[in-house]
Amino acid sequence: MAKLILSILALMAAAPAMAADLPATLQWSQRVELAAPVSGIVQAVRVNVGDRVKKGQVLVSLDATSYAAGVSEAQAEVARAKEEERDAKLNLDRVQELYNRTVIATSELEAAQLRQVRAKSNLDGAKARLLANQTQLRDAAVRAPFDGLVVARQVEPGQTVASQLQPQTLIVLARAGEMIARGKASLAQVEKLKPGQSVSVDVAQKNYNGKIKTLGLEPMVGNGSGKADGQGEYLIEAVFPVQDVLRAGTPAVIKLP
């Protein structure tokens, strides 16, 4: 009987620890505050809170009349600079031929070369100004940087946006199709885990398959859990795909293997 009890105890000691359930809270896997890089008056706000958007979709449009005019002026400047550069190149070719025939002096060749260099420089400058104006015109439309979910709208049509001051948040966007469950684990637990390891996340009695994204390297502090001896609680984050609309702050459970 004693041998049987000892055998059972030995098997229990050798058996792996039971899976643990860690209380967690849902967070967005990526959250960005979008602002307009240029100034202007808001012409249209094309989304509302809760809308799903695609990467590149226009969320907010500013009045771009002045920026479009700047592009037109810059395009005309480039056209003039191209013509001047072409004329300077033709003149240099003609002068170079005359110089090779010793018909003209070196000073005339140098003058033609200088003219061609200046024309080329003017053309490069005009192209740079055109690119800058085109960028401003493009930036008058605030676009989604990724497929996302609109979680806040802080702008209305007719509002003035001043980019020279502190950037003003217009739209807050969270990545769609992915959430993070953030919880705390003991030192013994995190030492048995590794990033990328499969876990499951329970939210409102629904299970999602996920992977460990983050394992803290220091005890969490500021909530009474961190300890100087390193035996406190450590951050654990599990990322998981989701098609449903879940809310940040929702309670969840990370189920460790």
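The values are calculated or read from the model by the stated rules, or taken from the named source; none is laboratory data. A quick note: this is a predicted structure, and the numbers were derived from the prediction, not measured. So basically every Cβ, Gly included, is an ideal-geometry build from the backbone, and we count neighbours across all protein chains shown. What goes into the accessible areas is simple: the full protein's heavy atoms, side chains included, and nothing from ligands, DNA or RNA. Shrake-Rupley method; radii C 1.70, N 1.55, O 1.52, S 1.80 Å.
Take the Cβ-Cβ distance between E218 and V58 as r, set R0 to 41 Å, and report the resulting FRET efficiency rounded to the nearest 0.05.
On the way: r = 42 Å, r/R0 = 1.03.
So the FRET efficiency works out to roughly 0.45.
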- line: Heavy-atom accessible area of R101, protein chains in place, probe 1.4 angstrom, given in Å² to nearest 10, is 140 Å²
field: Accessible-area ranking of M220, M179, largest first, probe 1.4 Å
entry: M220, M179
- prompt: Using heavy-atom solvent-accessible surface (probe 1.4 Å) with all chains present, what is the largest-first order of T65, T250?
  reply: T65, T250
query: Under a 5 Å amide H to amide H cut-off, with H placed in plane at 1.01 Å, what residues pair with Q168 once short-range neighbours are removed?
result: A36
task: Using θ = phi - 60° and the Karplus relation 6.51 cos²θ - 1.76 cosθ + 1.60, list the HN-Hα couplings for the range 213-219 in order, rounded to whole Hz, with x at every Gly or Pro.
output: 9, 9, 10, x, 9, 10, x
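Using a 1.4 Å probe on the protein chains only, how many percent of the accessible area of the chain belongs to carbon and sulfur? Provide the component values of the computation, followed by the final result.
Numbers: 8430 of 15580 Å².
In the chain, the share of accessible area belonging to carbon and sulfur is 54 percent.
Could you state the accessible area per residue of the range 121-257 in Å², with a 1.4 Å probe and every protein chain left in place? Please report the intermediate quantities before stating the final value.
Details: 7580 Å² over 137 residues.
Each residue of the range 121-257 exposes 55 Å² on average to a 1.4 Å probe.
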statement: Karplus ³J(HN,Hα) for the range 207-212 (6.51 cos²θ - 1.76 cosθ + 1.60, θ = phi - 60°; Hz, whole; x = Gly/Pro) runs 9, 10, 8, x, 9, 5
task: Go through K194, K120 and list them by solvent-accessible area, largest first, probe radius 1.4 Å.
output: K194, K120
Structure-derived volume of the Cα convex hull per residue in Å³ - corresponding label in [x] 263; [y] 129; [z] 249: [x]
- request: Mind grabbing the accessible area of L131 for me, 1.4 Å probe, Å², rounded to tens?
  value: 110 Å²
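Run the numbers on the range 98-257 and let me know its relative contact order in percent, using alpha-carbon pairs under 8 Å that are six or more apart.
Working: 199 pairs, mean separation 31.7, N = 160.
About 20 percent, as a whole number.
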